[in-house]
Amino acid sequence: MSDANSNPPSSAALLSSKGEIKVWLTATGLNVGLFMVAGLLLLITWNGLSVFWPQPVSEFTLTSQKDGAPEKIAGIITKQQTRRSAATGQAIEEIQIFTGNRDAYGLAFRFLDQSSLASTTLPSDYIVAERSEYGKAIFTPVRLEFSATKSLPASDPTFLPELHRLVKEGNDRRAEITALEKHEIGAINARIDKLEIRLRKADPSPEVRAPLEQELATLRSEYTTLASQATTLRDRQKVEKLVYRLASGEERNQAVAEIIHFYQPNQLTLGGRFKIFLHHALAFLTEEPREANTEGGIFPAIFGTFVMTLLMAALVTPLGIIAAIYLHEYAKPGIMLQSIRVCVNNLAGVPSIVFGVFGLGFFVYGVGGYIDHGPTYPLPERWWFLASLGAVVTLVLALLLTLKYSPTQALQPKSKARSFTENTLWISTALLTLLTLAKCPYFHGFFADKLPSPTFGTGGILWASITLSLMTLPVVIVATEEALSAVPRGVREAALACGASKWQMIQRIALPGALPGVMTGIILAMARGAGEVAPLMITGVVKLAPSLPLDGIAPFIHAERKFMHLGFHIFDLGFQSPDSEAAKPMVFATTLLLIFLVVVLNLTAIQIRSHLRRKLQASAF
Amino acid sequence: MPPLPAHLQTSARPFIEVDHFDFWYGPKQVLHDIHLAFPENHITALIGPSGCGKTTLLRNLNRMNDLVDGIRHRGDIRLDGTSLYDPKVEVISLRKRVGMVFQKYNPFPKSIYENVIFSLRVAGRSDRRQLDEVVEKSLRQAALWDEVKDKLHESAFGLSGGQQQRLCIARAIANRPQVLLMDEPCAALDPIATLKIEELMTQLKDEFTIVIVTHNMEQARRVADLTAFFYLGKLIEYDETLSLFTQPSQIQTEAYISGRFS
Ligand SMILES: Nc1ncnc2c1ncn2[C@@H]1O[C@H](COP(=O)(O)OP(=O)(O)OP(=O)(O)O)[C@@H](O)[C@H]1O
Ligand SMILES: [Mg+2]
């Protein structure tokens, strides 16, 4: 730098100057980062998408014998690698195949040494079938059995259409069963629970109890009818059987209705493959998980993430904007403001698990417990009356003092003593109100009848969202403050010169001007919140939630419910699953989706920011 | 009683009186014992070298300087007889009586229409017909109506610089203030736009008391009835424009207007 100043070089000289190597060094740093990010994205995209691509099924004939014939096994090649033999130290080529048929083989994956393979073929009649239990099956069909006497061999030309029809019927019936059991029976159960609680508390006179008991009886009989309907449907599911043969020659049978979807991978055209690919991807996005989350879709996790993120944004936006307006527009510069800024910035650096622990302790156990069963240590009545009286008195005094001061004079500084008294009064009002609420001896909780099982006193989507909104608050505050500083001073002064009060100026000029920046901040906060896992694990996320946080049963929004989340789903699949090999495809697919979500959010933020920049440049001259 | 130039003492009413006014930014005194009056329905120009305190004086007339931290003043400024610093005076209603046009045009990021009626909006007026009338009248007075009447609801940023400055003038006069303060309103404009704004000022004079800061001697000569010359925070000379430019009584004034000034 310094020698460049003393002797201004021409542009050609600049190119060959000593600075060049430093430029290359910085570029290398950037490139390393870029390559790493691009590599990661590519890896995840490739692995995540290939999960849905239907791969061919090979039939391997092994050199080893079994029951006098060469052993055969069929499967999809998932990996090729070299292993070092433990005994000789020689390199051995091996492949990993996905054999499916967990019910027959015990495991869904198998390693084969290349040297043990006699031949490999791609027989065209193999079927890959997804089942509601035991994962995928890979087989050649033998016949359909409609009843003990009636059957249809696989060689018959109507066999495949018939199989398709039966699978579809089974799917429809399964949906019906789910609707019955989950929604209708669920709703009745909820009503029965409520009635039982009412009965428990109702006074013992027969006039009161009789109608309740009768209602209960009707509900119970309704329940029995529905339950028997469901049982009939379930039995119906087991009628048609598919007999199939594994590569080993073993014949097995399987209720057709338990097959969710099947295809013949070795007969597919490219278009057909693509169709299956789309079908898989769609099922992944819209279905519920099965078999400890390793099969099926991740819809509840997507939905949970979505609702949680929206709830968080709805909480953090007003809070962050209000805080930023105060800090940037009203707070007097000084030690106090400085230290608050430092605190806000440090808040952004606190490990997220700390927020989780705080959320668990304060929101879940503290606030949630309070909502459930009222204060644990209420004030004695006399003291409580005193405190509430104090709250009212300070409130009245504070109001009097504040309102006597005309807001239009707000530009004239108040006297120190006066503003001090005012602040003290407001703060004591707030504290006393809090005390009266938190220690009220007459409040015994909204959900006391459900105790000891907690309602709000346990992790739930509301607490998780609040915890995350606390965590992302600095992002919104900093972004809003920056956006407010970007509003030109000239425009602010013009607004004031037009006779606007300070608040009108903020509300009509500064805030609208800052809006794009504020939105960038909110979206960044959402991106951060959506990708967070640690604090959620202890404030309300579960691996399998029985129901969604929003549904058709009143009151529709169930803020106390536990929920599923994409980030936690990845952790759960990858590290908590009984068969991690089987869960791997799901891990990749889920990761891909989560990253996609975060990237989309960030891109939106960038888009908004550049739009803002263009707008500000337009206003400069 | 602050002075008006001699021949106006009887014919014009002093509308703004600056009475032995001193002003400090923090420890730095910027205005020294300023003592003068601006007559009603006249244009008064403030001239002087850069940094002599013209803007500071102007911004004290509508108490825009209240926004700056650490300011202090001594003496008094009276508007139509009442002190600006009277505790009963509300800054907001004061600013409604004293409009201001800034050196750098600064329209709001809103439509042309909303720009003009901003002062009415913040005053809580929302009668559509009235607003429409105000928009047309103000834009006509600002000589902008014909150029923008078909795009009133488009962004103000689509206008040229001169148009934007005239829009700012329309905005400043929309709620009929009594005084119009203009801080180098033509500094960023080309000669044609400048001329338009000067014409505008002479027309507006019948209705408003105008105080304008300018670096352009020709402009002061063309539009101002009175001219005050400031130097280093002091009022050096205040007189009718013609006599100040033809027979300055102070050597500093003469040096400044003849361009022999460093
Ligand atoms: N906000 C402020 N804080 C501190 N000092 C200021 C502030 N604004 C202006 N000053 C100082 O007050 C003096 C007068 O400034 P002012 O802007 O009134 O000059 P001016 O006559 O308008 O100059 P110009 O013709 O360049 O606009 C200058 O020395 C300037 O440095
Ligand atoms: Mg100036």
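The values are calculated or read from the model by the stated rules, or taken from the named source; none is laboratory data. Every value quoted in this text rests on a predicted model; they were computed, and no experiment measured them. Neighbour counts are summed over all protein chains in view; Cβ atoms, including those assigned to glycine, are modelled from backbone coordinates with ideal geometry. Surface accessibility is based on the protein's heavy atoms, side chains included, excluding ligands, DNA and RNA. Shrake-Rupley method; radii C 1.70, N 1.55, O 1.52, S 1.80 Å.
Touching a residue at least 12 places away in the same chain (Cβ under 8 Å), away from ligand 2 (no atom under 16 Å from the Cβ), under 16 Å from residue B:98 (Cα atoms) and open to solvent by 40 Å² or more (accessible area, probe 1.4 Å): which single residue out of B:196, B:205 fits that description?
B:205
Given the criteria within 12 Å of ligand 1 (Cβ to nearest atom) and without any contact (Cβ under 8 Å) to a residue 24 or more places away in the chain, does residue B:70 qualify?
It is false that residue B:70 is within 12 Å of ligand 1 (Cβ to nearest atom) and without any contact (Cβ under 8 Å) to a residue 24 or more places away in the chain.
Any idea which of B:37, B:45 is more than 16 Å from ligand 2 (Cβ to nearest atom), closer than 24 Å to residue B:203 by Cα and open to solvent by less than 20 Å² (accessible area, probe 1.4 Å)?
B:37
Sort out which residues of region B:102-159 are more than 9 Å from every other protein chain (Cβ to nearest Cβ), of a type in the set (A, V, I, L, M, F, W, C) and either open to solvent by 20 Å² or more (accessible area, probe 1.4 Å) or touching a Gly at 6+ places or on another chain (Cβ under 7 Å) (or both), and write them in order of number.
Matches in region B:102-159: B:134, B:143, B:145, B:152.
Given the conditions (1) part of a helix (DSSP H, G or I); (2) within 12 Å of ligand 1 (Cβ to nearest atom); (3) open to solvent by less than 40 Å² (accessible area, probe 1.4 Å), and given that residue B:92 satisfies all but one, which numbered condition is not satisfied?
(2)
Within region A:436-465, track down each residue that is open to solvent by 70 Å² or more (accessible area, probe 1.4 Å) and among the aliphatic types (A, V, I, L, M).
Result: A:437, single match.
May I ask you to say which residue of A:514, A:525, A:589 is buried (at least 23 other Cβ atoms within 10 Å of the Cβ) and within 14 Å of chain B (Cβ to nearest Cβ)?
Result: A:514 is the single residue among A:514, A:525, A:589 that is buried (at least 23 other Cβ atoms within 10 Å of the Cβ) and within 14 Å of chain B (Cβ to nearest Cβ).
Determine, yes or no, whether residue B:164 is open to solvent by less than 10 Å² (accessible area, probe 1.4 Å), more than 30 Å from residue B:243 (Cα to Cα) and away from ligand 2 (no atom under 16 Å from the Cβ).
Against the criterion (open to solvent by less than 10 Å² (accessible area, probe 1.4 Å), more than 30 Å from residue B:243 (Cα to Cα) and away from ligand 2 (no atom under 16 Å from the Cβ)), residue B:164 qualifies.
Tally time: how many residues in region A:287-301 are of a type in the set (Phe, Trp, Tyr) and open to solvent by less than 10 Å² (accessible area, probe 1.4 Å)?
Summing the residues that are of a type in the set (Phe, Trp, Tyr) and open to solvent by less than 10 Å² (accessible area, probe 1.4 Å) in region A:287-301 gives 0.
In region A:84-185, which strands (runs of 3 or more DSSP E) lie fully inside it and hold 2 or more residues that are open to solvent by 50 Å² or more (accessible area, probe 1.4 Å)?
In region A:84-185, the matching strands (runs of 3 or more DSSP E) lie at A:91-98, A:109-113, A:117-121, A:136-145, A:151-153.
Taking the options B:66, B:19, name whichever one is within 14 Å of chain A (Cβ to nearest Cβ), within 21 Å of residue B:180 (Cα to Cα) and surrounded by fewer than 22 Cβ atoms within 10 Å (Cβ to Cβ).
B:66
Within region B:77-87, does at least one residue satisfy the condition of being open to solvent by less than 20 Å² (accessible area, probe 1.4 Å), more than 16 Å from ligand 2 (Cβ to nearest atom) and within 30 Å of residue A:334 (Cα to Cα)?
Looking for residues that are open to solvent by less than 20 Å² (accessible area, probe 1.4 Å), more than 16 Å from ligand 2 (Cβ to nearest atom) and within 30 Å of residue A:334 (Cα to Cα), one finds at least one in region B:77-87, hence yes.
From B:53, B:99, grab the single residue that is under 19 Å from the mean Cα position of the chain (by Cα), surrounded by 15 or more Cβ atoms within 10 Å (Cβ to Cβ), under 27 Å from residue B:218 (Cβ atoms) and within 16 Å of ligand 1 (Cβ to nearest atom).
Only one candidate passes the filter, namely B:53.
Please report, ordered by residue number, the helices (runs of 4 or more DSSP H) entirely within region A:302-408 with at least 2 residues that are under 30 Å from residue A:550 (Cβ atoms) and either open to solvent by 30 Å² or more (accessible area, probe 1.4 Å) or not assigned by TED's automatic domain parsing to the domain that holds residue A:516 (or both).
A:352-358, A:369-373
Among the residues of region B:174-210, write down those that are within 14 Å of the chain's Cα centre (by Cα) and either in a helix (DSSP H, G or I) or within 13 Å of ligand 1 (Cβ to nearest atom) (or both).
If the condition is that a residue be within 14 Å of the chain's Cα centre (by Cα) and either in a helix (DSSP H, G or I) or within 13 Å of ligand 1 (Cβ to nearest atom) (or both), then B:181, B:182, B:183, B:184, B:185, B:187, B:197, B:198, B:200, B:201, B:202, B:204 are the ones that fit.
Mind telling me which of the residues B:57, B:31, B:36, B:46 ends up being in a helix (DSSP H, G or I) and in contact (Cβ under 8 Å) with a residue 24 or more places away in the chain?
B:57
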